[in-house]
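For reference, the structure is listed below as structure tokens.
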């Protein structure tokens, strides 16, 4: 999901980039019994121009793939963006200050001031949207843009090459995912918020780990941080990974190659797609 990357920024922990001796990328190869190869590419949804230059091994995987799969239809998500803004609004008569606990409202107001905003200025929006808004403001100022993100680049390439594009889940599901979180979980998102400088530092660490293909670092940042909410991790990563495995297996049963592009958090860790496929007996190789 394109918004998953922004929520993950607050979870980043930097690890040395030289931890791996051989150059690796967040790209994995899985071979099916019928001759098909499925490439799994971990995406970072916001990147800088220099980091957004995809390595030759990704270009090769794209060239071999007959089908490109994303979490969902990127074009449809963009077209339906106004619906997200509608979902983000609180019911008439409600306010952000009113739905938060007094302590959370005070802390959120202080944090918003670091971004040049106040609680009352964003008072018509739900907590999950305000959390994303702060992160977006920070990273855009630092030069990170969605256009340089892995999925946006490959979606544009797929259209230019007339390659079929499919989604692993519906646009409706993605649009409503964050809005489905409990009030307590949404408040926690705000309470875990960081100032703009720290948000950028965390995104830099995430970017560096991705460039280095450091799966262990990404797992620590995105899935195993002590700040990670179990409810959010289960909803945003674990359950979705489990629902995608049958669709990936169908690709492996075919005769043509495919490239599957999902957020990097979905590939790493004990609940990641790589481990889930290995548990089913597939050989998964990091390239």
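What the table shows:
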| item | result |
| --- | --- |
| Complete set of residues in region 137-149 that are farther than 14 Å from residue 49 by Cβ and surrounded by fewer than 18 Cβ atoms within 10 Å (Cβ to Cβ) | 137, 141 |
| Residue check for residue 138: touching a residue at least 12 places away in the same chain (Cβ under 8 Å), touching a strand residue (DSSP E or B) at 6+ places or on another chain (Cβ under 9 Å) and closer than 25 Å to residue 116 by Cα | no |
| Boolean, residue 56 is surrounded by fewer than 24 Cβ atoms within 10 Å (Cβ to Cβ) and free of Cβ contacts under 8 Å to residues at least 60 places away in the same chain | yes |
| Test: residue in region 277-284 that is part of a loop (DSSP other than H, G, I, E, B), more than 30 Å from residue 184 (Cα to Cα) and touching a helix residue (DSSP H, G or I) at 6+ places or on another chain (Cβ under 6 Å) | no |
| Any hit, region 150-164, residues being surrounded by fewer than 17 Cβ atoms within 10 Å (Cβ to Cβ), closer than 30 Å to residue 100 by Cα, in contact with a strand residue (DSSP E or B) (Cβ under 8 Å, 6 or more places away or on another chain) and in contact (Cβ under 8 Å) with a residue 12 or more places away in the chain | no |
| Test set (1) part of a loop (DSSP other than H, G, I, E, B); (2) buried (at least 22 other Cβ atoms within 10 Å of the Cβ) - residue 262 fails condition number | (1) |
| Filter result (within 15 Å of residue 154 (Cβ to Cβ) and at pLDDT 95 or above) within region 76-96 | none |
| Hits in region 20-53 - residues which are exposed (fewer than 12 other Cβ atoms within 10 Å of the Cβ), touching a residue at least 60 places away in the same chain (Cβ under 8 Å) and within 21 Å of the chain's Cα centre (by Cα) | 49 |
| Selection status of residue 184, over 22 Å from residue 115 (Cβ atoms) and over 15 Å from the mean Cα position of the chain (by Cα) | yes |
| Hits in region 73-84 (condition: under 24 Å from residue 127 (Cα atoms) and either free of Cβ contacts under 8 Å to residues at least 24 places away in the same chain or touching a strand residue (DSSP E or B) at 6+ places or on another chain (Cβ under 7 Å) (or both)) | 78, 79, 81, 82 |
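The rows are residues; the columns are (1) closer than 25 Å to residue 83 by Cβ; (2) surrounded by fewer than 17 Cβ atoms within 10 Å (Cβ to Cβ); (3) free of Cβ contacts under 8 Å to residues at least 24 places away in the same chain.
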position: 173; (1), (2), (3): yes, yes, no
position: 215; (1), (2), (3): no, no, no
position: 239; (1), (2), (3): yes, yes, yes
position: 245; (1), (2), (3): no, yes, no
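Rundown of residues vs (1) modelled with pLDDT of 95 or more; (2) not in a loop (DSSP other than H, G, I, E, B), yes/no style:
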| position | (1), (2) |
| --- | --- |
| 104 | yes, yes |
| 110 | yes, yes |
| 123 | yes, no |
| 135 | no, yes |
| 153 | yes, yes |
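The values are calculated or read from the model by the stated rules, or taken from the named source; none is laboratory data. Note that the coordinates shown come from a computational prediction; the quantities given were computed from them, not determined experimentally. When we count neighbours, we look across all protein chains shown, and the Cβ atoms used for this are built from the backbone with ideal geometry, even at glycine.
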